[in-house]
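First up is the structure itself, then whatever we jot down about it.
The values are calculated or read from the model by the stated rules, or taken from the named source; none is laboratory data. Just so we're clear, the structure is a prediction, and the values are computed from it rather than from any experiment. Here Cβ is always computed from backbone atoms with ideal geometry, including for glycine, and neighbour counts include all displayed protein chains.
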Amino acid sequence: MKRIRRAAAFAAALLLLFTGAAAEGTEPAAPAAQAQAQSAGGNLRKGSKGDEVTRLQERLQELGYLESKPDGIFGNDTVNAVKAFQRRNGLSADGQAGPLTQEKLYAEDAVAAPETILTDTLDGELPMLVNKKNMVDEYFQPADLVLLTEVLDTKLCKVKYKDTKLVREAAEALEKMLEAAQADGVKKWQVSAGYRTWEEQNGMLNTKTENYLKKHKDWSRRKARNAALKTVAEPGASEHHLGLAVDINVPGASAFKGTKQQKWLHKHCWEYGFIVRYTADKEKITGFAAEEWHIRYVGVEHAQKIRELGLCLEEYIEWMETGYMKSSETEITEINLDEEETPGEQAS
């Protein structure tokens with residue numbers, strides 16, 4: 001009888017340890033560590049509220065993962081901060097603060113976030129290139145970001161999300177461009193995206209992947225993710241990280257292509273330092289499907305050269321650095337800037 005009781009107790013202990021580990025997909029925690037984590041608030045997730053969430057936020061802030069002020073509400077900022085902490089500390093990044101995450105978080109040897117170094121994304125002779133081959137790290141942040149709502153007059157443009165930011169020079173150039181459009185009688189603009197953090201980009205890609213999985217029940221996650229990557233850059237590869245890219249459209253419209261706003265934009269954005277970044281004829285080079293609404297600030301001089309030569313940014317930078325350009329067929333072509341040719345209409 002004693003043997004049976006001891007065996008039952010041992011099995012129960014194993015079950016307790018296993019269930020604690022399965023919650024976050026990692027190794028079982030020691031009983032003492034589990035008890036400490038449970039006393040720290042148990043499993044905290046999006047929507048949780050109270051003092052334990054405040055304590056969690058204060059610790060995340062102390063370690064450099066959370067910028068917003070602790071408020072006791074487990075919102076999107078806290079989810080993203082927890083995910084970043086989990087990645088840096090070898091845990092599954094699910095955004096939930098379960099026992100094992102809290103154990104790591106409150107430990108003396110918790111790995112802090114690296115120091116963010118602000119980068120002048122307009123510094124340098126050539127525009128900064130970000131794509132699938134030239135990625136920025138998770139803690140990259142452009143300098144001189146400003147809220148668009150503080151730059152753009154609401155009569156010029158609707159900013160869909162009030163926290164949308166751009167680098168100041170790009171924001172001021174956007175303002176001048178929209179003022180010119182209004183003077184030409186082209187009104188009703190909306191900015192739907194500007195600067196985007198690494199974590200926000202990661203969330204967008206995950207959401208797109210999940211949408212494909214729901215739509216195509218027979219698809220693997222890998223296939224769904226690859227499909228999502230056709231239109232959503234993976235984190236680190238998005239131009240939105242630079243604070244120089246803008247997604248612009250018409251409020252309430254189902255499509256941007258073919259509108260008078262799109263036609264005006266593609267004809268005039270070059271005059272204000274913007275380029276149409278992703279066009280149909282350059283998809284093999286950029287790696288992204290055409291986006292009529294996505295413009296990128298590079299400065300007037302570069303924008304006009306890119307327009308005159310009919311190049312995408314990858315081609316332009318390659319030509320400026322070497323004097324030659326590899327086409328999509330990998331042939332070497334020399335371009336003569338002195339040749340005067342009438343710029344053709346860019347594909348949309």
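Odds and ends about this structure:
- Hits in the range 51-83 (condition: surrounded by fewer than 15 Cβ atoms within 10 Å (Cβ to Cβ), at pLDDT below 90 and of a type in the set (D, E, K, R)): E67
- Condition check for D281 on (1) closer than 21 Å to G194 by Cβ; (2) modelled with pLDDT under 95: one failure, at (1).
- Residues (modelled with pLDDT of 95 or more, touching a helix residue (DSSP H, G or I) at 6+ places or on another chain (Cβ under 6 Å) and basic (K, R)) located in the range 152-182: K176
- Any hit, the range 139-149, residues being within 25 Å of the chain's Cα centre (by Cα) and without any contact (Cβ under 8 Å) to a residue 12 or more places away in the chain: no
- Hey, R168 among the basic types (K, R), buried (at least 20 other Cβ atoms within 10 Å of the Cβ) and in contact (Cβ under 8 Å) with a residue 12 or more places away in the chain or not: no
- Qualifying residue in the range 223-246 (condition: outside the structural domain of A93 (by TED's automatic domain parsing), part of a strand (DSSP E or B) and either touching a residue at least 40 places away in the same chain (Cβ under 8 Å) or buried (at least 17 other Cβ atoms within 10 Å of the Cβ) (or both)): yes
- Residue match in the range 131-144 (condition: closer than 30 Å to L178 by Cα, in a strand (DSSP E or B), assigned by TED's automatic domain parsing to the domain that holds K282 and not polar (S, T, N, Q)): yes
- Hey, A289 surrounded by fewer than 16 Cβ atoms within 10 Å (Cβ to Cβ), at pLDDT below 95, within 22 Å of the chain's Cα centre (by Cα) and not in a helix (DSSP H, G or I) or not: yes
- Tally of residues being within 29 Å of N80 (Cβ to Cβ), of a type in the set (K, R) and not in a strand (DSSP E or B) across the range 145-178: 3
- Qualifying residue in the range 84-99 (condition: surrounded by fewer than 15 Cβ atoms within 10 Å (Cβ to Cβ), among the hydrophobic types (A, V, I, L, M, F, W, C) and assigned to a loop (DSSP other than H, G, I, E, B)): no
- Number of the exception - G194 against (1) at pLDDT below 95; (2) buried (at least 18 other Cβ atoms within 10 Å of the Cβ): (1)
- Any hit, the range 179-198, residues being under 27 Å from L118 (Cα atoms), in contact (Cβ under 8 Å) with a residue 60 or more places away in the chain, under 16 Å from the mean Cα position of the chain (by Cα) and part of a helix (DSSP H, G or I): yes
- Taken residue by residue, the range 113-130 has at least one member that is in contact with a Phe, Trp or Tyr (Cβ under 9 Å, 6 or more places away or on another chain), among the small types (G, A, S) and under 30 Å from K49 (Cα atoms).
- Meets criteria (within 18 Å of the chain's Cα centre (by Cα), modelled with pLDDT under 95, charged (D, E, K, R) and within 28 Å of E321 (Cβ to Cβ)) for K132: yes
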